[in-house]
Each structure stands twice: as C-alpha cells, then as structure tokens.
Amino acid sequence: MKITKLLIANRGEIAVRIIKTANKLGIKTCCIKTSHEPKAHYLSLADEIIDFTDIVSDVPEFLDVDRIIEAAVAHKVDAIHPGYGFLAESPYFAQRCDDEGITFVGPSADAIYKMGNKTIAKQIATKHKVPLLQGSHGNVSNFDEAIQIADKIGYPVILKAASGGGGRGMRIVEKASQMEKMFKLASNEAEKAFNDPSVFIEKYVRNPRHIEFQIFGDKQGNIIHLGERECSIQRKHQKLIEECPSPALSPELREEMGAEAISIADAVGYYSAGTVEFLLDEDKKFYFMEMNTRIQVEHPVTEEVTGLDLIEMQIKVAEGDSLPIKQEDVQLNGWAMELRINAEDVQAGFSPSLGVVHKVIYPTGPGIRVDTGMYDDSVISPNFDSMVAKLIVHADTREEVIKTLKNALNSFWIRGVKTTVPFHKYVLSHKKFMKGDINTSFIEKELDAFYETDQDEIMLAAFLASYDFAKELENESADDVNFEKGKEINPWVLNKRLKSL
C-alpha cells in the first residue's frame, strides 16, 4: 500500500529529517504540537499540525499511545513514523497501529518485543551461536542471586535493564559489597525509564570499543548490513561521536561481524532499519550486546558513506517494496563522522543548559551536513533530550574528516545556551583520538581534566573582568593611581597596576 499521509510521532531534528524525505516522495506529513514547544521549527515544515496543547494529561504527549492513535485515525493518515526514542521501540504501539490498519514505519511488533527485551535477545543469540559475554541466562530476581552469578563469572560485572536502551538502568559493579546498592539503582532506573524493573547481569569488559552494525530487512525476507559505526566516544553510555567505518575493523572482521548481525535479525524475521550492537575487546574478539529496533540518531554517517537514504528505505519497505540493493552492492565510500551537539555545560558535568537560543549560525561547505530542529529563538526545554543538532562531515579519509570538522566547529555559533561545541574541538585535537586509539572509557580516562570554553566566552569574560577592575580604579583616590577621579584611565597606569597584582 502506498503511503500518502504520514504522521511523525516525534519532534526535533528527526521530525525535520523525516519530513525532508517525505517531501521528496510526495507524501504529506502531520506533526504533533505540544505545550512545551508550541513554536518548534519542525511544525512549520509539516502539512498538518495535530494540536495537543490544550489537553492536560499525566502521560507525556509523545508517549500517549491512545491519544496518538486517535489523532491518526481522525486525520486519516496512512502511516506513522516513530523516529527514535519515545514509542519507537514499543511493541504495543506497533501493534495498535496494525490493529487500526495504520502502517507502522518500522519492524513488526513481535520483532520489537523479542529484540527489545535483552534477556530474550541474548537467548536468541545463544541459540544461533552468536558470541556472548558470560552472564545470567535470564533476568536476575534479587541481589543475592546477582552476587552468586558474579562470584561465578568474576568481577567486574555490569547490571543492565532487560527492556529499553540508551544507557538507562546500567550499573557497573566492581565488588560484592557494591551489589545491593547497584542492583537497587539499576532496577529502579529501569522501572522509571521502561516501566520494567527487570535486570540481567553479564561480565564487564574494560576498555572495549562499541561497534554497531546497520542492518536492513524487507518483508520478503531479504536482510543486509550497511557496514558498521564506531560509537566508542561516549559518556555514561550516551554516545557523543560516531563514525563510519571504524578504525579498528579489517575487511575480514567487518564481514564476520556483519554476518552475525544479519543472523540475529534473520532469527526474528526482521524488516526495516535496525542496529545490532557489539563490544569489541582489545584482542579483537566481539560480543553481542543488544539490538535497537529503530532508526538510530547516528544513521547519517551510514547514509553519507553508502549514498543511501535510510528513511526512504524505511518508508519503501513499510509499503511492501523489496530492498533496492543486495549485500554485494553495498560499498563504503570514504569516511564520515557525526558530532552530537548538546545543550549542555560540559564543565558542570555535562549538565543541561536551558533557555532561549538567541542566535544560531550553522557551518556550510563541501561535505558538511547539519541535521537540526533548532533555529533562532528556539527554547531549550527540560522536557526533552538535550541534543539540539548533529554535525556530520563526509570526506575521502578520516584525517580529512577531522580537519573539516575542526573548521566547521569554528563557524558553528549558538548563542543563549552552552553547548558541547568546545568539547568536540578538544576531542578532535586529542592525539589518541586523531590516531583512532579510542574505547568507551576515553572520556573518563583521557579528558578527566577537561576545562575549555568557547573563545568568544573567554574574550567576553576578560573584557568584563577588565571593565570591573577599571571601574574599581576610578573609585580609588587619584594619589593611589596617579590620575584624576572621573577622567579617562591611563592605560599605562592600569597596565602597571595589573602587573603589580
């Protein structure tokens, strides 16, 4: 069935991204307007707006399945694209779409359920002999059981939420005395984030790389992979920089890991976009972690090196089309890297930086792409994720990508809130990063003493400090500083006074 009207059950840059492809395909779009950002940029691009601003509910707008389905029926949409986050990995939401005759642009409810539950996913991986870390064979019911398992496989171990992802409900346990506390923290966080307190346990690998494979399937049973993405630069399991290909993979290892990723997807009859995630240790041994049953935030780097529009492929597969290419047709051309630009104060522990964005200037030029939903006068709200833009660069080599990114960051202006732009400048200039010598503990070990800020902020601070000091001098006696009070300050006298401090 051809899709003529698409409801985007999401916001921000991914809503803008989906609208762009929908327009290319001649598909009308509907977007949801919320009271938290009633003037959001993505709303100006939609053909129709579904207004949720006048409805008071305890359920956040983008998580209210019943309300979204009712709105979809009322607006006579053919399909719903969930983007990522929110309801993108909800089997209930996918099933409700099916029940109402609405095409869900994503995998089946069954596949989302099986791969979304990490315990079931690990059981499927075991059955198909995909490499796994040692750990529990199912959910762990209490911390006493967790201690027994940890004593058997050895510390350190990691507790993980059985449902969901994005680093929520994860705790590293170094020794038995920490287990009770960490078990409660992981379980409570999992319940709050995913409405499921279940956790499992597995051996924790120190200093691994995080490598994920972009897979794609159609409803005819064809499944391929589109290469890997290196996602090792992360903080508290939240990715900050992604690139394709990975500096760590040889063609032989890429083929081996890609085959295992396809095996996992094939086991659940997977179709649409998905990501199979692995840990790669220092000996180049890899282990299955989980599968994300949706489009990923970092999908642009795969698009840049393959030349494919993954959103278009999602829509076409949802309509029933076969994949446009076969595995042997997949080529990774050049290198691509994505920087997540978050509204965060890095030097305050990456805390959210809220407020109004007064002015934005995005970089442009060959190989530069910016995906964003933020423009002048945008409001950074505590109700949503802190990511405000993605800076993507594609070039022939990794060295060229880094050079172009550095130049692009110098012309990336966001005024009104603090962002991670200075942080990215620092990382890109780090010798180990430039060599590709990275792992998931890179930020923790290499950037522990990171203190840097935007150059304009430094200049402004220096000016204000000098101004305040000058005003202080004006209020002192003329005898102290050798000029008449109220007259212009002699810069030579000021300089002499500064040197004396």
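For the range 8-39, which residues satisfy the criterion of being of a type in the set (Gly, Ala, Ser), part of a loop (DSSP other than H, G, I, E, B) and modelled with pLDDT of 95 or more?
Ala9, Gly26
Name the residues in the range 291-347 that are under 19 Å from Val105 (Cβ atoms) and among the β-branched types (Val, Ile, Thr), would you?
Residues satisfying the conditions are Thr293, Ile295, Val297, Thr302, Ile311, Ile315, Val317.
Consider Gly83 against the criteria (1) more than 23 Å from the chain's Cα centre (by Cα); (2) assigned to a loop (DSSP other than H, G, I, E, B): it satisfies all of them except one. Which criterion is unmet?
Every listed condition holds for Gly83 apart from (1).
State yes or no: is Ile392 in contact with an Asp or Glu (Cβ under 6 Å, 6 or more places away or on another chain), at pLDDT 95 or above, of a type in the set (A, V, I, L, M, F, W, C) and not in a loop (DSSP other than H, G, I, E, B)?
In short, yes.
Of all residues in the range 344-367 being at positive phi, of a type outside the set (A, V, I, L, M, F, W, C) and part of a loop (DSSP other than H, G, I, E, B), which is nearest to the chain's Cα centre (by Cα)?
Filtering the range 344-367 for residues that are at positive phi, of a type outside the set (A, V, I, L, M, F, W, C) and part of a loop (DSSP other than H, G, I, E, B), the one nearest to the chain's Cα centre (by Cα) comes out as Gly349.
Quick test for you: out of Thr302, Thr293, pick the one residue that is within 22 Å of Ala389 (Cβ to Cβ), among the hydroxyl-bearing types (Ser, Thr, Tyr) and either touching a strand residue (DSSP E or B) at 6+ places or on another chain (Cβ under 7 Å) or without any contact (Cβ under 8 Å) to a residue 40 or more places away in the chain (or both).
Thr302
Inspect all residues belonging to the range 353-365 and state whether any of them is closer than 25 Å to Ile443 by Cβ, surrounded by 22 or more Cβ atoms within 10 Å (Cβ to Cβ) and in the same structural domain as Pro300 (by TED's automatic domain parsing).
No, the range 353-365 has no match at all.
Can you work out which of the residues in the range 411-426 that are hydroxyl-bearing (Ser, Thr, Tyr) and crowded, with 20+ Cβ neighbours inside 10 Å is farthest from the chain's Cα centre (by Cα)?
Thr419
Within the range 276-288, is there a residue that is in the same structural domain as His225 (by TED's automatic domain parsing), under 24 Å from Ser322 (Cα atoms), within 16 Å of the chain's Cα centre (by Cα) and of a type in the set (D, E, K, R)?
Scanning the range 276-288, I find no residue that is in the same structural domain as His225 (by TED's automatic domain parsing), under 24 Å from Ser322 (Cα atoms), within 16 Å of the chain's Cα centre (by Cα) and of a type in the set (D, E, K, R), so the answer is no.
Table: residues versus (1) in contact (Cβ under 8 Å) with a residue 40 or more places away in the chain; (2) surrounded by fewer than 16 Cβ atoms within 10 Å (Cβ to Cβ).
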| position | (1), (2) |
| --- | --- |
| Gly154 | yes, yes |
| Ile158 | yes, no |
| Ala161 | yes, no |
| Glu174 | no, yes |
| Met179 | no, no |
| Met182 | no, no |
| Ser187 | no, no |
| Ala190 | no, no |
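From Met313, Met291, grab the single residue that is of a type outside the set (Val, Ile, Thr), not assigned by TED's automatic domain parsing to the domain that holds Ala79 and not in a helix (DSSP H, G or I).
Met291
Need the failing condition index for Val268 against (1) farther than 27 Å from Ser163 by Cβ; (2) modelled with pLDDT of 95 or more; (3) assigned to a loop (DSSP other than H, G, I, E, B), just the number.
(1)
The values are calculated or read from the model by the stated rules, or taken from the named source; none is laboratory data. Predicted, not measured: the structure shown is a model, and the values here were computed from it. Cβ: placed from backbone, ideal geometry, glycine included. Neighbour counts: every protein chain shown.
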